[in-house]
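Since the structure comes first, as structure tokens, the remarks are kept for the end.
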Amino acid sequence: MRVTDISQRGKFLAGENVYLPHIVVIEKIIDETYDTRTFRFNFKDEKLREEFTFEPGQFALFSILGIGEAPFVISSSPTRKEYLECSVRRVGRVTNALHRLSVGTEIGFRGPYGNGFPLDLLENKNLVFVGGGIGLSPLRTLIWYVIDNRDKYKNIDIIYGARSVADLCFTHDLDSWEKDKTVNMITTIDKGEKKWTGRVGFIPQVLGEVAPSANNAIAIVCGPPIMIRFTFPVLEKLGFTPEQMITTLEKRMKCGIGKCGRCNIDNLYVCRDGPVFTYAQIKNFISKEY
Ligand code: FES
């Protein structure tokens, strides 16, 4: 069930009180890099386990009692119903606390929130995924969704990069996509390293070299702000219009449902109007704000 009416969001999962989280149990912890972990979890309540659904690109607010709450995109795909995942980089109080948790721990979860990727727009298109570092997390949910519904989409290019080999996230997924003959997977690191035999170069530069066609294509970009800022002009040079470029923004959030104003950028609330936006929507303020 996707809750598109903002007044209804959270009701499905939290009864009358939209701020009341449900309990999820951590089932597995995967070390992605030295500072990033993927948490696999599931609802304690069996009914929720069966009924919960979301769309690629939606996020949830995760809470640890006595510490706080933080938003993370659901990084697993809704096509893999047995579990949910979110990937967390250790950068602050809540994320540090999350990294200290072990399998079996119960935490709070409320969501799904946000608009998710425009799935209708992506159908029958060539898709160009451009991701940097932990920015692969929101792309990953959509990439698996697209692969699991492969006949609905045309060519798939994935250009993924990180600062170094040690910073590459989701290496288990990268291996699968490399082996998938229906996907063109390119992985790059910023500077060459001894054992690295793959591509070397910054993502915008590699994107320019690969030069995917803009014809009937949508580019979905996610990564550090600096990468996003340098990637959009490359896509424009390749002929992508601002409407053909999509990204997902991250902002500090509190309520997650358009009430507190914490996630405001210009006239938009990232939680309510996003987190997925076309470049056309955010073009005017992205260089100032992001
Ligand atoms: S987080 Fe409260 S309005 Fe977006």
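The values are calculated or read from the model by the stated rules, or taken from the named source; none is laboratory data. Source: prediction; values computed, not measured. Quick reminder, even Gly has a Cβ in these numbers, built from the backbone with ideal geometry, and neighbours come from all protein chains shown. These accessible areas exclude ligands, DNA and RNA; they are computed on the full protein's heavy atoms, side chains included. Shrake-Rupley method; radii C 1.70, N 1.55, O 1.52, S 1.80 Å.
Assorted remarks:
- Using the Cβ-Cβ distance between Ile23 and Lys81 with R0 set to 22 Å, the FRET efficiency works out to roughly 0.70.
- Length available on full extension from Asp45 to Glu178: 0.36 nm per residue minus the Cα-Cα distance, which gives 44.2 nm.
- Förster radius 22 Å - calculated FRET efficiency between Thr241 and Asp190 (Cβ-Cβ, nearest 0.05): 0.15
- Cα-based Rg of the chain normalised by 2.2 N^0.38 Å, two decimals: 0.97
- Sequence of Asp120, Asp35 when ordered by accessible area, the most exposed leading, probe 1.4 angstrom: Asp120, Asp35
- Averaged over residues, the count of other Cβ atoms within 10 Å places the peptides 158-169, 186-197, 39-50 in the sequence 158-169, 39-50, 186-197, highest first.
- Kirkwood analysis of the stretch 83-158, using all unique Cα-Cα pairs, places the hydrodynamic radius at 14.9 Å.
- For the chain, the dipole from Cβ point charges (+1 on Lys and Arg, -1 on Asp and Glu) about the Cα centre works out to 580 debye, to the nearest 20.
- Rounded tilt (10° steps) of 225-237 against the dominant C-alpha axis of the chain: 40
- Added length on full extension, which subtracts the Cα-Cα distance from 0.36 nm per residue, Asp35 to Arg93: 19.5 nm
- Ser164/Ile67 FRET efficiency (R0 35 Å; Cβ-Cβ; nearest 0.05): 0.70
- Between helix 136-148 and the chain: long-axis angle, C-alpha atoms, 0 to 90°, nearest 10: 80
- Cα-based Kirkwood hydrodynamic radius, the stretch 185-290, one decimal, Å: 15.2
- Theoretical gain in end-to-end length, Thr53 to Cys260 [0.36 nm per residue, Cα-Cα removed]: 72.0 nm
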